[in-house]
Amino acid sequence: MDDQEVVEQYQGAVRRYCRRRTWNAADAEDAAQAVLLRWVSRREREVANPEAWLLQAAKWACASLTTRRLHDEANRDTDGLHNAKTGAWRHDPQAIDPATLVTEAAVVREMLRRLPERDRVVIAQVYFHGATMDHLGRRLQCSPAYAACLAQRARKRARAILGEMGVRGIG
């Protein structure tokens, strides 16, 4: 199967995957286009399973895009509450009204800011970078089983913080 046939056959699956992993349709389209262009310009010509290759590339493209978006959001003073350069708050951060957090990214950023550092690393690795428990265990220098426990605790703390912020409907 040549490159054009692979692109035509799997572009829908790649776009759907990217749409589920990103925050909006424009980001999904950017990630899908990057993956399809990467497929066409890849160095290794023979790929045993093109669909697996494309979906793995989509996973990394979406994670990279999400990380870049979060980084950009964190470095901007979008909600008017926190100055990222000085680290100063304009008023008490515990008194934030969820209505002032206009985007999902701002809510996630604020939740991550309130989490302890280790929980922040766990959440970022699992949800933004797609790390497995094995990878997380190696990163945190612990067993995969303990990494799963840490991930569960981090999720509980994240849910609690989101609840304190007034965010409802958390899975």
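Some points to look at:
- Residue count, the range 6-42 (criterion: loosely packed, with under 13 Cβ neighbours inside 10 Å and either touching a residue at least 40 places away in the same chain (Cβ under 8 Å) or touching a strand residue (DSSP E or B) at 6+ places or on another chain (Cβ under 7 Å) (or both)): 0
- In this structure, VAL102 does satisfy being at pLDDT below 90, out of contact with any helix residue (DSSP H, G or I) (no Cβ under 9 Å at 6 or more places or on another chain) and not in a helix (DSSP H, G or I).
- Tabulated pairs, the range 143-162, first assigned by TED's automatic domain parsing to the domain that holds MET133, second crowded, with 18+ Cβ neighbours inside 10 Å and β-branched (Val, Ile, Thr), C-beta under 7 angstrom, 6+ apart or interchain: LEU150/VAL122; ALA151/VAL122; ALA151/VAL126; ALA154/VAL122; ALA154/ILE123; ALA158/ILE123
- The lone criterion from (1) part of a helix (DSSP H, G or I); (2) surrounded by fewer than 19 Cβ atoms within 10 Å (Cβ to Cβ) left unmet by ARG45 is number (1).
The values are calculated or read from the model by the stated rules, or taken from the named source; none is laboratory data. Since the model is a prediction, treat every value here as computed from it, not as a measurement. Note that each Cβ is placed from the backbone with ideal geometry, even for glycine, and that neighbours are counted across all protein chains shown.
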